[in-house]
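Student: Sharing a structure, written as structure tokens. Questions coming.
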Amino acid sequence: MATEKQPYNMLLGSMGNVGHPVGGASGEDGSVTLGGIRKWTHPKTSSEFFWATYRTVRTFIRGGFSGYAVTLAYRVLYMLFRALRKRQLSYRELRECLPQWYDLRFGAFFGFIRLTPKIHNLLAVYSGAPRYPRGDARAIVTDLPLSLVAGGLAGSAFMLISDSDNYLSGASLYYLVRAGQLVVKHVWAAYGWETIPHADAAIFILSCFEIMHAWFFHSYTIPVTYRNWITRLADTDGDMLDTIKKLKTGEVRYGVYSDALMEFSKRYNVDFKRGNFRDIDMLPPDFVHPYDPHSCLGNAVRRFANGFVQSFAIYAPVHLLPTVLLGWKRLKEDPVQTLLRVFDKIMQSATFLSVFIALVWYSLCVVRHSPLRDGREYRGFLAGCFFCGFSIFIEQKSRRIELALKVLTDALISVWRRAERKGIVISLPHSDVFFFSLANGLFLYYYRHHPELIKSALHSILRLFWGYADDYE
């Protein structure tokens with residue numbers, strides 16, 4: 001008789017010859033028989049069904065509580081941060097800390113994602129599909145379809161939290177991009193192809209070119225939160241950005257009167273005549289490069305300094321939290337050296353982002369004051385969009401692919417939305433749910449059969465959700 005302590009795969013093994021040591025529900029030839037299934041599933045004649053159901057429900061409940069706790073903790077911490085910044089706390093903000101309907105939906109989503117491996121095993125048992133050991137090439141024929149179906153069934157729970165929020169749509173696409181990376185690595189290794197040098201940097205540079213170009217000229221293609229984040233780091237006036245767009249489209253032209261910079265002039269108390277396009281042939285340097293209108297390098301250095309302060313505040317928690325949450329043992333054993341390594345990573349990442357900001361404006365300024373300048377100021381902005389991405393070579397090599405895949409996701413969203421506005425493509429309802437489900441199935445397959453392709457940090461996160469892959473062999 002099975003006990004609660006038995007591994008779950010042993011319980012499933014009692015249903016048939018699927019690669020497990022027990023075969024109580026199988027016929028003489030190893031096939032799954034109806035009588036065996038009935039014996040296994042009937043609660044009065046077999047305790048396996050009880051323990052299998054118990055473990056499944058327990059997994060779902062644990063995942064549900066975890067998801068609920070995550071959303072609730074995030075909202076409470078955000079409320080406290082906002083209260084500390086404003087130095088006051090309103091009744092409305094306190095009410096936001098109470099449980100919300102979204103918390104329950106998010107908890108249910110977490111619970112379903114944790115069930116993904118168990119759904120896969122149940123499908124394997126009922127289908128009678130053969131089970132192959134890890135690394136066996138034949139597994140792709142039988143186990144990949146099962147993984148995709150299981151991932152799709154569990155991943156469809158993304159619909160519980162999916163809405164018009166651009167961030168969630170981007171998150172599902174990012175999950176698919178990360179899964180696509182595993183497919184590419186698998187194919188590359190299978191055929192023995194050589195690794196392309198600096199492929200991660202090339203992806204980052206081209207993706208950043210698209211994102212920065214969109215920020216300057218097609219801002220509707222970038223999610224609002226992400227767009228505001230770029231604007232804050234770039235420290236650029238909104239009216240100036242609108243004027244730059246109008247110059248490109250021809251709505252504003254040099255030699256023709258325009259009041260595009262009227263509000264800008266009032267806000268910064270400058271003479272409007274200096275921004276009247278009828279009387280100028282180039283935007284005044286102090287309008288575009290306010291930190292040092294007389295030197296491109298001086299303006300870039302000032303922007304680097306300002307950007308470094310903001311970048312340090314961004315990357316400090318990015319590098320500290322994983323160390324505290326996942327590397328607590330190492331931090332406890334050698335706190336000084338561990339914190340020094342973390343500080344070095346923070347400095348390197350902050351330098352990368354601040355150089356990114358400085359390169360945008362330095363390249364723009366150099367081209368604007370060179371023979372390459374055109375009447376629409378367009379070439380200067382193109383140069384800034386392109387050269388900023390080369391700052392990726394300052395970042396740690398291990399983090400380059402992570403950043404490249406993130407900005408690749410944002411670039412794909414930008415390209416798609418621009419094509420959608422032109423009528424080239426259309427977006428299907430709940431496509432984000434499909435992306436997430438497909439990625440979930442692919443990740444399950446590679447987690448089970450090719451875990452060496454998954455980065456250690458990501459593998460640790462998947463293990464928190466799905467347990468050890470050996471438990472499902």
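Student: Can you pull the one-decimal nm distance between simple spin-label points at S431 and T323, each 7 Å off the Cα toward Cβ?
Tutor: 4.1
Student: Continuing with this model, one more query. For segment 168-210, compute Rh as the Kirkwood radius over C-alpha pairs and then the Stokes-Einstein diffusion coefficient at 4 °C and 1.567 mPa s; write the answer in µm²/s, rounded to an integer.
Tutor: Estimated diffusion coefficient is 108 µm²/s.
Student: Still on this structure, please answer the following. Using only the Cα atoms of segment 363-418, build the gyration tensor, take square roots of its eigenvalues as a ≥ b ≥ c, and label the shape rounded, prolate or oblate: rounded if a/c is under 1.5, else prolate if a/b is larger than b/c, else oblate.
Tutor: It is oblate, given that a/c is not under 1.5 and a/b is not larger than b/c.
Student: Kindly report the accessible area of segment 261-370 per residue (heavy atoms of protein chains, probe 1.4 Å, no ligands, DNA or RNA), in Å².
Tutor: 55
Student: In what sequence, highest mean first, do 66-79, 183-196, 404-417 appear when ranked by Cβ atoms within 10 angstrom?
Tutor: Ranked from most to least packed, the peptides come out as 404-417, 66-79, 183-196.
Student: May I have the extent of the alpha carbons of segment 185-264 along their three principal axes, as whole Å values ordered from largest to smallest?
Tutor: For segment 185-264, the Cα spread along each principal axis is 63, 27, 18 Å.
Student: Between V309 and M282, take the C-beta separation as r, use R0 = 22 Å, and let me know the FRET efficiency to the nearest 0.05.
Tutor: 0.10
Student: Using a/c under 1.5 as the rounded threshold, could you call segment 367-461 rounded, prolate or oblate? The axes a ≥ b ≥ c are square roots of the C-alpha gyration tensor eigenvalues, and prolate needs a/b larger than b/c, oblate otherwise.
Tutor: Oblate, because a/c is 1.5 or more while a/b does not exceed b/c.
Student: Between L372 and R87, what length comes free when the chain is fully extended (0.36 nm per residue of separation minus the Cα-Cα distance, one decimal in nm)?
Tutor: Length difference between fully extended and current span is 97.5 nm.
Student: Go through segment 203-263 and name the GluC sites (Glu not before Pro) that are in a DSSP coil and have 15 or fewer other Cβ atoms within 10 Å of their Cβ.
Tutor: When the GluC sites (Glu not before Pro) of segment 203-263 are filtered for loop state and at most 15 Cβ neighbours within 10 Å, E251 remain.
Student: Given the pairs K185/K248; K86/K332; K248/K273; K246/K345; K246/K422; K86/K248, which are separated by over 29 angstrom at their Cα positions?
Tutor: Beyond 29 Å between Cα atoms: K185/K248; K86/K332; K246/K345; K86/K248.
Student: Please say if segment 152-305 is rounded, prolate or oblate, where rounded means a/c under 1.5 for a ≥ b ≥ c the square roots of the C-alpha gyration tensor eigenvalues, and otherwise the choice is prolate for a/b larger than b/c and oblate otherwise?
Tutor: Taking the square roots of the gyration eigenvalues as a ≥ b ≥ c, segment 152-305 is prolate.
Student: So how much slack lies between R58 and L77, counting 0.36 nm per residue of separation and subtracting their Cα-Cα distance, in nm?
Tutor: Gain on stretching R58 to L77: 4.0 nm.
Student: Under a plain spin-label model, where a point goes 7 Å from the Cα along Cα-to-Cβ, how far apart in nm are Y254 and V415?
Tutor: Between Y254 and V415, the label points sit 3.3 nm apart.
Student: Taking 0.36 nm per residue of sequence separation and subtracting the Cα-Cα distance, how much length would be gained by fully extending the chain between S66 and E333, in nm to one decimal?
Tutor: Going from the current span to full extension adds 93.2 nm.
Student: For segment 288-403, state what percent of all Cα-Cα pairs lands in each successive 10 Å bin, counting from 0 Å until the bin that includes the largest distance.
Tutor: 14, 35, 26, 15, 8, 2, 0
Student: With each pseudo-label sitting 7 Å past Cα toward Cβ, what's the S456-K246 distance in nm, one decimal?
Tutor: 5.5
Student: From the backbone phi of segment 312-324, what are the Karplus-calculated ³J(HN,Hα) couplings (6.51 cos²θ - 1.76 cosθ + 1.60, θ = phi - 60°) in whole Hz, Gly and Pro given as x?
Tutor: Once θ is set to phi - 60°, the couplings for segment 312-324 become 4, 5, 6, 8, 4, x, 4, 8, 6, 4, x, 5, 6 Hz.
The values are calculated or read from the model by the stated rules, or taken from the named source; none is laboratory data. From a predicted model like this one, the values you see are computed outputs, not experimental measurements. Ideal geometry is used to build each Cβ from the backbone, glycine not excepted, and the neighbour counts take in all protein chains shown. Areas reflect the complete protein model, heavy atoms only, side chains present, ligands, DNA and RNA absent. Shrake-Rupley method; radii C 1.70, N 1.55, O 1.52, S 1.80 Å.
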